[in-house]
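Novice: Have a look at this one.
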Amino acid sequence: MAAGPRRDSRGIVDAPDLFARVRFRRREPAAALRPYLEHYWLIDWDLAEPYAAHVVPHPSVNLVWQRYEAGGSPRERSGYVELTGVDPGLFTRKLAGRGRVCGVQFRPGGFRPFALGRPVSAWTGLRADAAEVLRLPPPVDAVLGPDDEDARVAALDAFLLALEPRPDPRAALAMAAVDRVRTDRTVRRVDGLARDTGLSARSLQRLFSAYVGVGPKWVILRYRIHEALEAAEAGPALDWVRLAADLGYSDQAHLVRDFTATVGVPPTAFARH
């Protein structure tokens, strides 16, 4: 079972700058939902000038309620709900005027019990109207309308509980495998992870496609990039050769290549910024 909302800002590019401009909170879901969810995340903003937020996403599916109360299209002003699959690259969202977002971050592997019938990889890299994916249409005003934060959390709880997720041993296996990758830096190879989970490498690939949305190698690399991103925020004096070795890379060049492909700039340039 999940231990509660994470306290770290891992994956958020320049988190202090973002938090200085918006109100960002994580909230814990109802107890019956915690085996499947990481947390709820709530953002409210009122900006004099537009701001672009950048995130290197976790291997998680999110449900996102959005309303732009000042500016934006008619749909954005009235509010809408999207399902966002695992994003393979850098996620960028431009915030302007006044608005509100309420998000549900599922544990990697935890979304499938809420939307049966399709592998999670069907939504990787995509955004979809949540009403077309879930068994019940998601409420908009009940989640985005109240200024009372507890009321918003209660509305999220009520909707997700109404979807009646049921325990799924394969979902539990996928979540446990991803948790192992996230918390154990010694997990560096897919074949080793497969042995630890009692599966063949091919069976592990199929499990991740169906329940996580991306392959186990991708998950290993993404969590290592999160660690590199966190380390880079310490500044340009970081020993990148040593960090590459600590993260399981064969050499610094491979870390630099993956970091640049994901974040958009080389790690030394990011650290200088």
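The values are calculated or read from the model by the stated rules, or taken from the named source; none is laboratory data. Being a predicted model, the structure only gives us computed values, none of them experimental. Please note: Cβ atoms are built from the backbone with ideal geometry, for glycine as well, and neighbour counts cover all protein chains shown. These area figures cover heavy atoms from the full protein model, side chains too; ligands, DNA and RNA do not enter into them. Shrake-Rupley method; radii C 1.70, N 1.55, O 1.52, S 1.80 Å.
Novice: Mind listing whichever residues of region 116-144 are surrounded by 20 or more Cβ atoms within 10 Å (Cβ to Cβ) and of a type in the set (Gly, Ala, Ser)?
Specialist: Across region 116-144, the qualifying residue is only ALA130.
Novice: If you check ARG10 against the conditions, is it basic (Lys, Arg) and assigned to a loop (DSSP other than H, G, I, E, B)?
Specialist: Taking the combined requirement at face value, the residue satisfies it.
Novice: Being under 26 Å from THR124 (Cα atoms) and free of Cβ contacts under 8 Å to residues at least 40 places away in the same chain is the filter here; which residues of region 29-61 pass it?
Specialist: The one that is under 26 Å from THR124 (Cα atoms) and free of Cβ contacts under 8 Å to residues at least 40 places away in the same chain: ARG34.
Novice: Does ASP157 satisfy the criteria of being touching a helix residue (DSSP H, G or I) at 6+ places or on another chain (Cβ under 8 Å), over 30 Å from ARG100 (Cβ atoms) and open to solvent by 10 Å² or more (accessible area, probe 1.4 Å)?
Specialist: It is false that ASP157 is touching a helix residue (DSSP H, G or I) at 6+ places or on another chain (Cβ under 8 Å), over 30 Å from ARG100 (Cβ atoms) and open to solvent by 10 Å² or more (accessible area, probe 1.4 Å).
Novice: Moving on. Conditions first: (1) in contact (Cβ under 8 Å) with a residue 24 or more places away in the chain; (2) more than 21 Å from the chain's Cα centre (by Cα). ASP147 passes all but one, so which condition is the exception?
Specialist: (1)
Novice: Can you confirm whether ALA194 is touching a Phe, Trp or Tyr at 6+ places or on another chain (Cβ under 6 Å) and either outside any helix (DSSP H, G or I) or of a type in the set (A, V, I, L, M, F, W, C) (or both)?
Specialist: Details: touching a Phe, Trp or Tyr at 6+ places or on another chain (Cβ under 6 Å): no; either outside any helix (DSSP H, G or I) or of a type in the set (A, V, I, L, M, F, W, C) (or both): yes.
For ALA194, the condition - touching a Phe, Trp or Tyr at 6+ places or on another chain (Cβ under 6 Å) and either outside any helix (DSSP H, G or I) or of a type in the set (A, V, I, L, M, F, W, C) (or both) - is not met.
Novice: Please find, within region 62-102, the residue that is nearest to LEU160 (Cα to Cα) out of those that are of a type in the set (Ser, Thr, Tyr) and either touching a residue at least 60 places away in the same chain (Cβ under 8 Å) or touching a helix residue (DSSP H, G or I) at 6+ places or on another chain (Cβ under 6 Å) (or both).
Specialist: Step one: of region 62-102, the residues of a type in the set (Ser, Thr, Tyr) are 68, 73, 78, 80, 84, 92.
Subset that is either touching a residue at least 60 places away in the same chain (Cβ under 8 Å) or touching a helix residue (DSSP H, G or I) at 6+ places or on another chain (Cβ under 6 Å) (or both): 68, 78, 80.
Working: TYR68: 23, SER78: 22, TYR80: 16 Å.
Here the residue is TYR80.
Novice: Sticking with this one: Quick one: which of PRO169, PRO266, PRO216 is open to solvent by less than 60 Å² (accessible area, probe 1.4 Å) and either among the aromatic types (Phe, Trp, Tyr) or within 27 Å of PRO119 (Cα to Cα) (or both)? Explain how you work it out, then say what you get.
Specialist: On the way: PRO169 fails: open to solvent by less than 60 Å² (accessible area, probe 1.4 Å); PRO266 fails: either among the aromatic types (Phe, Trp, Tyr) or within 27 Å of PRO119 (Cα to Cα) (or both).
Selected residue: PRO216, the only one of PRO169, PRO266, PRO216 that is open to solvent by less than 60 Å² (accessible area, probe 1.4 Å) and either among the aromatic types (Phe, Trp, Tyr) or within 27 Å of PRO119 (Cα to Cα) (or both).
Novice: Out of all the residues in region 245-263, which are surrounded by 14 or more Cβ atoms within 10 Å (Cβ to Cβ) and either farther than 13 Å from GLU227 by Cα or β-branched (Val, Ile, Thr) (or both)?
Specialist: Across region 245-263, the qualifying residues are GLN252, HIS254, VAL256, THR260, THR262, VAL263.
Novice: Since ALA174 meets every condition but one in (1) in contact with a Leu (Cβ under 8 Å, 6 or more places away or on another chain); (2) open to solvent by less than 50 Å² (accessible area, probe 1.4 Å); (3) modelled with pLDDT under 95, which condition does it not meet?
Specialist: The one condition ALA174 does not meet is (3).
Novice: If you scan region 21-47, which residues turn out to be over 16 Å from VAL101 (Cβ atoms) and either of a type in the set (Gly, Ala, Ser) or outside any strand (DSSP E or B) (or both)?
Specialist: GLU28, PRO29, ALA30, ALA31, ALA32, LEU33, ARG34, PRO35, TYR36
Novice: Would you check if there is a residue in region 188-198 being open to solvent by less than 20 Å² (accessible area, probe 1.4 Å), more than 19 Å from the chain's Cα centre (by Cα) and within 28 Å of LEU33 (Cα to Cα)?
Specialist: Checking region 188-198: at least one residue is open to solvent by less than 20 Å² (accessible area, probe 1.4 Å), more than 19 Å from the chain's Cα centre (by Cα) and within 28 Å of LEU33 (Cα to Cα).
Novice: Oh, and also: Look at region 216-273 and say how many of its residues are within 25 Å of PRO108 (Cα to Cα), touching a residue at least 12 places away in the same chain (Cβ under 8 Å), hydroxyl-bearing (Ser, Thr, Tyr) and not in a loop (DSSP other than H, G, I, E, B).
Specialist: 2
Novice: Only one residue in SER9, SER78 is of a type in the set (Ser, Thr, Tyr), more than 30 Å from ALA177 (Cα to Cα) and either out of contact with any Cys (no Cβ under 8 Å at 6 or more places or on another chain) or open to solvent by 10 Å² or more (accessible area, probe 1.4 Å) (or both), so which one is that?
Specialist: Of the residues listed, the single one that is of a type in the set (Ser, Thr, Tyr), more than 30 Å from ALA177 (Cα to Cα) and either out of contact with any Cys (no Cβ under 8 Å at 6 or more places or on another chain) or open to solvent by 10 Å² or more (accessible area, probe 1.4 Å) (or both) is SER78.
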